[in-house]
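Here is the structure we will look at, set down as structure tokens.
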There are 2 protein chains.
Amino acid sequence: MTTRAEALALDAADPLAGFRDRFVHGDGARIYLDGNSLGRLPVATRERLRAGVDEWGERLVTGWHAWIDAPRRVGDLIGETLLGVEPGEVLVGDSTTVDLFKLCGALTAVRDGALVVPLDEFPTDRYVLQGLAEANGRELRLLESDPVAGPTAAEVDRALAGGDVAFVVLSHVNYRSGALADLEEITAVGRHHGVPVVWDLCHSVGVVPLELGARGAELAVGCTYKYLNAGPGSPAFLYVARAWQPRLRSPIQGWFAQEDQFAMGHPFARRDGIEGFLAGTPAILDLAAVEEGVKLTGEAGLAAIRAKSVALTELIVELHDERLASLGVSLGSPRDSARRGSHVSLRHPDAWPICRALIEQADVVPDFRAPDSIRLGVPPLYTRFVDVWDAVDRMCSLVARGEHERIGSDRSRVT
Amino acid sequence: MTTRAEALALDAADPLAGFRDRFVHGDGARIYLDGNSLGRLPVATRERLRAGVDEWGERLVTGWHAWIDAPRRVGDLIGETLLGVEPGEVLVGDSTTVDLFKLCGALTAVRDGALVVPLDEFPTDRYVLQGLAEANGRELRLLESDPVAGPTAAEVDRALAGGDVAFVVLSHVNYRSGALADLEEITAVGRHHGVPVVWDLCHSVGVVPLELGARGAELAVGCTYKYLNAGPGSPAFLYVARAWQPRLRSPIQGWFAQEDQFAMGHPFARRDGIEGFLAGTPAILDLAAVEEGVKLTGEAGLAAIRAKSVALTELIVELHDERLASLGVSLGSPRDSARRGSHVSLRHPDAWPICRALIEQADVVPDFRAPDSIRLGVPPLYTRFVDVWDAVDRMCSLVARGEHERIGSDRSRVT
């Protein structure tokens with residue numbers, strides 16, 4: 001049995017341990033294992049947002065001299081620090097949903113065929129593609145995949161073998177299982193079939209080294225409020241490799257994408273490069289929060305972050321085998337750490353009341369995902385090994401005593 | 001001649017004078033006449049944003065219980081306080097460009113015919129419509145209008161007389177001239193021709209009483225960073241009267257518009273009501289800033305705001321006639337205050353260098369709009385009559401001495 005002392009020893013040896021104090025812990029003694037849904041507030045971000053508000057108050061409209069390039073500047077920072085791509089290939093702004101719409105709408109306009117997405121993909125990706133398919137008279141092809149390990153390269157290969165596919169959208173790390181897709185191989189499978197793959201990096205950016213350029217991935221979107229800790233509803237980013245840029249036109253033509261924007265002329269003349277994907281006026285405070293979050297992640301380094309992430313999820317798997325399995329819990333995530341992101345899904349028929357009981361009675365915040373998954377997210381910058389040990393210990397105790405059975409079935413919409 | 005003492009007397013008698021101290025004046029002695037581009041920072045908003053950041057740090061993901069309804073809650077506040085429409089008809093989120101795309105994309109899908117927009121409309125509106133027209137094989141019909149008074153109801157009537165029009169988009173207050181369109185009559189002209197009118201309220205919301213419901217307007221978008229003082233790039237709002245809601249489907253289908261969102265099921269099942277226009281995860285801090293800005297405006301009251309706005313722009317027109325006209329400046333805004341918003345456009349062939357000289361040498365911040373307009377914006381909550389007097393006085397002095405002629409022609413992109 002893994003002991004609490006062993007978890008404490010892992011913390012004592014953790015090279016990233018010092019980063020925990022770079023975050024606000026305004027929730028007291030709670031064990032927060034849902035940073036994969038909404039990341040913690042970095043101390044530097046709190047200061048930066050205060051300064052950003054004051055900057056608005058002082059500079060007023062003249063602040064735009066510095067602000068106007070922020071979507072590209074912060075995009076380049078993400079590109080260099082986290083994605084491994086060139087300057088001028090990433091842009092920050094709008095939500096993941098809107099960015100996905102812009103990118104997939106542009107692809108739909110230049111490629112015939114079906115739009116392919118896993119049935120188990122995060123909902124907004126499916127819904128955006130369904131909307132585009134319906135509006136353009138296309139088939140929406142739902143790729144069935146293994147609920148724990150999928151989608152695999154073989155599954156994607158089968159879905160593309162029939163031909164007539166415009167593009168595929170899929171998550172690098174699955175939101176429910178935490179399965180880490182083989183980005184390089186699946187991209188190669190797509191290329192083999194002549195089909196571009198759009199990667200949704202929401203659950204991998206900032207916690208898994210990406211190296212998109214070296215691995216051949218050319219199109220992606222991702223969010224910044226999970227492992228990049230930029231706050232509730234912070235803007236997403238969009239990556240379009242340079243080779244694709246001249247071919248893709250965002251369906252949303254806004255004034256920030258206009259060449260010589262302040263001449264305010266007619267007709268629309270799209271800016272070259274990634275800026276052609278800009279739309280309306282960017283949210284400046286939000287971009288400042290993204291910039292701080294990315295800097296902090298870059299300071300820790302993705303290699304160290306990934307190493308600790310693997311160790312943390314390995315501990316959950318070990319504790320599952322040692323203590324949870326006998327309580328009716330099964331592992332909903334891949335056993336192979338090389339195929340796992342930074343959260344682990346634990347399945348149980350009573351997942352919902354167990355989650356509620358953990359929050360209400362055990363001071364542990366996991367996440368519930370329908371129908372039967374308890375997600376434990378372990379962002380390495382602020383999660384301790386002992387947090388994982390304590391959380392699992394409290395969960396074992398609670399389930400063993402049947403405390404979750406007193407929780408009603410009234411499901412609130414958000415954890 | 002209007003004297004400085006007379007301006008000071010107007011300030012002494014101003015019932016809204018006390019609202020000036022509700023804003024941060026971090027720019028010192030500068031005279032800021034560009035709140036129609038980016039509004040000042042309200043003191044309450046600075047505090048609210050600090051609290052909002054702390055709330056993120058404390059509540060983390062559990063904060064979503066309170067945050068998730070913010071787009072609708074703040075929308076209802078705008079609807080009641082500023083637009084005169086019913087609860088459930090307004091939503092806050094995304095940029096004006098994206099909201100306009102959602103609304104006009106939905107209209108394009110259900111109505112045949114040309115998309116009509118004034119040639120003199122704010123650029124993003126033209127560009128969004130041009131994109132929709134090209135993607136859907138429609139004509140983009142550019143309505144020519146009087147550069148000072150237009151677009152008038154007669155001009156809109158002529159544009160619609162040819163028939164085969166899907167819808168019209170136009171600004172309630174023109175961004176360059178400040179002309180206040182006859183919302184009620186133009187909406188009625190549209191109805192006469194069976195053509196819906198989408199109002200862009202960016203330059204009127206918060207400074208002109210709207211009463212959209214009583215006046216028959218059913219579709220609109222508007223921004224919150226001008227007269228609502230919600231900060232650089234703060235989210236826009238979208239108004240869809242209840243009667244239109246069942247007919248319109250946003251082309252961007254995101255997970256926040258999904259019935260039973262957290263069941264994360266398939267296929268997409270659009271929520272009834274205005275929430276069907278939600279897309280991705282809303283930006284929570286930004287929504288808090290919007291809420292504070294709207295509250296402050298509501299506290300002052302639109303009737304008092306409009307009365308002071310008219311008095312301020314009347315003073316500019318008087319000073320133009322008395323002092324600026326003889327220096328080669330002409331009035332680019334309507335003389336009739338009933339047909340004017342809250343900014344005045346002063347035209348001069350050297351508008352660009354005059355603007356630069358005002359900013360760099362005279363501590364006055366106006367706004368330049370191509371090709372020859374100097375905009376003086378006078379948000380009534382924090383603009384004094386003596387500010388207007390001093391700004392015009394400095395402009396007269398500067399132009400009379402030819403100081404602007406020493407400014408180079410290198411045009412920065414933003415004022």
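The values are calculated or read from the model by the stated rules, or taken from the named source; none is laboratory data. Values in this document were obtained by computation on a predicted structure and should not be read as measured data. All Cβ positions, even for glycine, are placed from backbone atoms using ideal geometry, and neighbour counts span all protein chains on display.
Got at least one residue in the range B:168-181 being assigned to a loop (DSSP other than H, G, I, E, B), more than 11 Å from chain A (Cβ to nearest Cβ), over 17 Å from B:PRO151 (Cβ atoms) and touching a strand residue (DSSP E or B) at 6+ places or on another chain (Cβ under 6 Å)? Checked against the condition, which is being assigned to a loop (DSSP other than H, G, I, E, B), more than 11 Å from chain A (Cβ to nearest Cβ), over 17 Å from B:PRO151 (Cβ atoms) and touching a strand residue (DSSP E or B) at 6+ places or on another chain (Cβ under 6 Å), the range B:168-181 yields no hits at all.
When the range A:87-135 is filtered for residues that are part of a loop (DSSP other than H, G, I, E, B), surrounded by fewer than 21 Cβ atoms within 10 Å (Cβ to Cβ) and within 12 Å of chain B (Cβ to nearest Cβ), only A:LEU119 remains. Within the range A:50-59, at least one residue is of a type outside the set (Gly, Ala, Ser), without any contact (Cβ under 8 Å) to a residue 24 or more places away in the chain and either buried (at least 24 other Cβ atoms within 10 Å of the Cβ) or in contact with a Lys or Arg (Cβ under 7 Å, 6 or more places away or on another chain) (or both). B:ARG340 meets the conditions (1) within 18 Å of the chain's Cα centre (by Cα); (2) within 14 Å of chain A (Cβ to nearest Cβ) in every case but one. The failed one is (2). Condition first: among the aliphatic types (A, V, I, L, M), over 13 Å from the mean Cα position of the chain (by Cα), modelled with pLDDT of 95 or more and farther than 23 Å from B:VAL378 by Cβ. Can you find one or more residues in the range B:217-227 that meet it? Yes - at least one qualifying residue is present in the range B:217-227.
Quick check on my filter: what residues within the range B:249-262 are buried (at least 18 other Cβ atoms within 10 Å of the Cβ) and in a loop (DSSP other than H, G, I, E, B)? Scanning the range B:249-262 gives B:ARG249, B:SER250, B:PRO251, B:ILE252, B:GLN253, B:GLY254. Given (1) farther than 25 Å from B:THR224 by Cα; (2) touching a helix residue (DSSP H, G or I) at 6+ places or on another chain (Cβ under 7 Å), where does A:GLU299 come up short, assuming only one miss? If we test A:GLU299 against (1) farther than 25 Å from B:THR224 by Cα; (2) touching a helix residue (DSSP H, G or I) at 6+ places or on another chain (Cβ under 7 Å), just (2) comes out false.
What about A:ARG46, is it surrounded by fewer than 19 Cβ atoms within 10 Å (Cβ to Cβ) and over 20 Å from the mean Cα position of the chain (by Cα)? Even if it seems obvious, please write down each step before you answer.
Working: surrounded by fewer than 19 Cβ atoms within 10 Å (Cβ to Cβ): no; over 20 Å from the mean Cα position of the chain (by Cα): yes.
Against the criterion (surrounded by fewer than 19 Cβ atoms within 10 Å (Cβ to Cβ) and over 20 Å from the mean Cα position of the chain (by Cα)), A:ARG46 does not qualify.
The residue of the range A:220-244 that is nearest to A:ALA161 (Cα to Cα), among those that are touching a residue at least 60 places away in the same chain (Cβ under 8 Å) and surrounded by fewer than 24 Cβ atoms within 10 Å (Cβ to Cβ), is A:ALA241. Filtered by the rule that a residue be small (Gly, Ala, Ser) and surrounded by fewer than 21 Cβ atoms within 10 Å (Cβ to Cβ), the range B:278-300 gives B:GLY298, B:ALA300. Every condition in (1) within 14 Å of chain A (Cβ to nearest Cβ); (2) under 23 Å from the mean Cα position of the chain (by Cα); (3) crowded, with 24+ Cβ neighbours inside 10 Å is met by B:LEU358 except one, and the failing one is (2). When restricted to residues that are touching a Pro at 6+ places or on another chain (Cβ under 8 Å) and surrounded by 19 or more Cβ atoms within 10 Å (Cβ to Cβ), the range A:301-320 contains 5. Any idea which residue in the range A:263-282 is farthest from A:VAL207 (Cα to Cα), counting only those that are assigned to a helix (DSSP H, G or I) and touching a residue at least 12 places away in the same chain (Cβ under 8 Å)? Filtering first and then ranking leaves A:GLY276.
Each residue in the range B:60-72 was checked for being touching a residue at least 12 places away in the same chain (Cβ under 8 Å) and more than 7 Å from chain A (Cβ to nearest Cβ), and 3 pass. Only one entry of B:VAL208, B:VAL195, B:VAL189 meets the criterion of being farther than 21 Å from B:GLY88 by Cα and part of a helix (DSSP H, G or I), and that entry is B:VAL189. Per the listing A:LEU238, A:LEU315, A:LEU324, A:LEU285, the residue uniquely in a helix (DSSP H, G or I) and in contact with a strand residue (DSSP E or B) (Cβ under 8 Å, 6 or more places away or on another chain) is A:LEU324. For B:GLN130, the conditions (1) out of contact with any Phe, Trp or Tyr (no Cβ under 8 Å at 6 or more places or on another chain); (2) more than 19 Å from B:ARG369 (Cβ to Cβ) are fulfilled apart from (1).
The set of residues from the range A:228-286 being of a type in the set (A, V, I, L, M), under 26 Å from the mean Cα position of the chain (by Cα) and more than 13 Å from B:TYR127 (Cα to Cα) comprises A:LEU228, A:ALA230, A:ALA236, A:LEU238, A:VAL240, A:ALA241, A:ALA243, A:LEU248, A:ILE274, A:ALA283, A:ILE284, A:LEU285.
In the range B:189-218, the residues that are aromatic (Phe, Trp, Tyr) form Cβ pairs under 9 Å with partners that are part of a helix (DSSP H, G or I), at six or more places apart or across chains, as follows: B:TRP199/B:LEU183; B:TRP199/B:ILE186; B:TRP199/B:THR187; B:TRP199/B:LEU212. With respect to being among the β-branched types (Val, Ile, Thr) and touching a Gly at 6+ places or on another chain (Cβ under 8 Å), B:THR81 fits the description.
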